[in-house]
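Before any comments, here is the structure.
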Amino acid sequence: MTSPLLCEPTLHAAFLVDAWGGRSDSGTAHPVYIREAADPALLERRLAVHAELAGSRLDTRQERSQVEAVYGALSPTDLAMVRMFGLPRLRAQQDAPYRQSGTTFNSVEARGLIRGEWPGRPVFVFLDEILAPDWLAVGDPPVINGHSAVLPHARGMHALEQVAASGDRERFLRAAGATVHYVDPGVDTGAVIRAERLPEPFGYESLWECKAGAFKLAFDLLTQVRTQLSEPGAVLLGTPQPGDDTPTFRRRTFDAGTAGRAAAQYTAWRTETEEWGRRAG
């Protein structure tokens, strides 16, 4: 079964776009829709940069400038992903439709285009945008999201980082990982399809590398679920999340100060964990 992916025009999302490339068993390419204004020239330049620098860790100022020219400023997590995994080639440019769909997926045009081109197909998302209720109309195929933390322990935007900033070590350990879940009207409250924790949350050099590991795990789980759903007669049951009072983190609460506290807290936890390990050894 061919399934569309809706995602952001960010460098870390490019790792998911790269993994999404390829074809279904029917030979149809899996399409990717990017949430940004149509700019064919920018898209062409972006694909060219990925082709030229595939595998690079952006060790030189020139290479980083080339990537920033097609993505804008890079986040610490963007840079951590590139250091850890190398710049992806973006196979989607060769194997699948890769198109810009406007600055929102909640327009009548965007919803009509995607639901119209892929009727009866589940829609996979990795977005900073909350989809409008129209996407969840009764009878429509499900929308399935990849989230870079273990639900329900860290919902919302920059959730893992904001748990770190709160200083709650135990919640951070429960949250460090990724989840694939059905989208419902709430924020990251839909039934869970797959969830996995990072095996060594404090085994990374920085919080940003830990977040990069969570992104990579989310992308792996999302593509695995897509493969499972492509099997004839496949039905993936979700596990309902508890109706608790777990906080939902917002983008507006994640500023430079919060990021700094989160990074420092992670480093402190990592240092403590290493010290405990030396004492135990």
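No value in this document is a laboratory result; all are computed from the given coordinates. Treat the numbers as computed from the prediction; the structure is a model and nothing was measured. Cβ sites come from the backbone with ideal geometry, for glycine too, and all protein chains shown count toward neighbours.
Counting only complete DSSP H runs, which helices of the chain cover 24 Å or more along their long axis at the Cα atoms and score a mean Kyte-Doolittle of 0.0 or above?
Counting only whole DSSP H runs, the qualifying helices are 207-229.
When the helices in the chain are scored as -39500 (n - 2.57) per DSSP H run of 4 or longer and the sum is shared across all residues, what 222 nm value do you end up with, to the nearest 500 deg cm²/dmol? If you can, show how the numbers build up before the last one.
Numbers: 10 runs with 122 residues, N = 281.
That calculation yields -13500 deg cm²/dmol at 222 nm.
For region 84-197, what relative contact order do you get, as a whole percent, if you take Cα pairs closer than 8 Å and at least 6 residues apart?
Working: 141 pairs, mean separation 23.1, N = 114.
This gives 20 percent for region 84-197.
Quick one, which of (i) 72, 59, 43; (ii) 59, 49, 35; (iii) 56, 53, 39 is the actual Cα extents along the principal axes in Å calculated for this model?
Calculated Cα extents along the principal axes in Å: the matching label is (ii).
Under the 0.36 nm per residue contour assumption, what length would be gained going from the current alpha-carbon distance of LEU42 and GLU117 to full extension?
Details: separation 75, 0.36 × 75 = 27.00 nm, distance 2.43 nm.
Extra length available between LEU42 and GLU117 comes to 24.6 nm.
How big is the dipole moment of region 188-281 about its Cα centre under a simple scheme where the beta carbon of each Lys and Arg is +1, that of each Asp and Glu is -1, and everything else is neutral? Debye, nearest 20, please. Intermediate values should be presented prior to the final figure.
On the way: 12 positive and 13 negative charges, 42 e Å.
Dipole magnitude for region 188-281 comes out near 200 debye.
With r as the distance between the Cβ atoms of GLU129 and ALA191 and R0 = 30 Å, compute the FRET efficiency 1/(1 + (r/R0)^6) and round to 0.05.
Numbers: r = 21 Å, r/R0 = 0.69.
In this case the efficiency is close to 0.90.
Counting only residues 5 or more places away or on other chains, whose amide H sits under 5 Å from the amide H of VAL125 once H atoms are built in the peptide plane?
Result for VAL125 returns LEU6, ILE144, ASN145, GLY146.
Can you tell me the length gained on complete extension of the stretch VAL108 to GLU200, counting 0.36 nm per residue apart and subtracting the Cα distance? Mind showing how you got there, number by number?
Values: separation 92, 0.36 × 92 = 33.12 nm, distance 4.35 nm.
Stretched out fully, the VAL108 to GLU200 stretch lengthens by 28.8 nm.
Going by average Cβ neighbours within 10 Å, how do the peptides 149-159, 241-251, 191-201 rank, with the highest at the top? Walk me through the numbers on the way to the answer.
Values: 149-159: 23.4, 241-251: 12.9, 191-201: 17.4.
The packing order, highest mean first, is 149-159, 191-201, 241-251.
Once R0 is set to 25 Å, what does the formula 1/(1 + (r/R0)^6) return for the Cβ-Cβ distance between THR253 and GLU52, expressed as a FRET efficiency to the nearest 0.05? Kindly include the intermediate steps, with their values, before the conclusion.
Working: r = 38 Å, r/R0 = 1.52.
That gives a FRET efficiency of 0.05.
When ranked by the protection proxy of mean other Cβ atoms within 10 Å per residue, highest first, what sequence do the peptides 50-56, 209-215 form? Mind showing how you got there, number by number?
Numbers: 50-56: 15.4, 209-215: 24.6.
For the peptides 50-56, 209-215, the packing ranking is 209-215, 50-56.
Local charge sum around LEU58 (other residues, Cβ-Cβ under 10 Å, Lys/Arg +1, Asp/Glu -1)?
Net charge around LEU58: 0.
Taking amide H atoms as placed 1.01 Å from N in the peptide plane, list the residues 5 or more away in sequence, or in a different chain, whose amide H sits under 5 Å from that of GLY190.
Close amide H contacts, sequence-distant or interchain: ASP184.
Out of all DSSP beta bridges with both ends in the chain, state the antiparallel percent to the nearest 5. Intermediate results must be reported in sequence, preceding the final value.
Working: 11 of 25 bridges.
Just about 45 percent of them are antiparallel.
Hey, what did the chain get for relative contact order, percent, Cα under 8 Å, at least 6 apart?
Working: 496 pairs, mean separation 56.0, N = 281.
Averaging sequence separation for qualifying contacts and normalising by length gives 20 percent for the chain.
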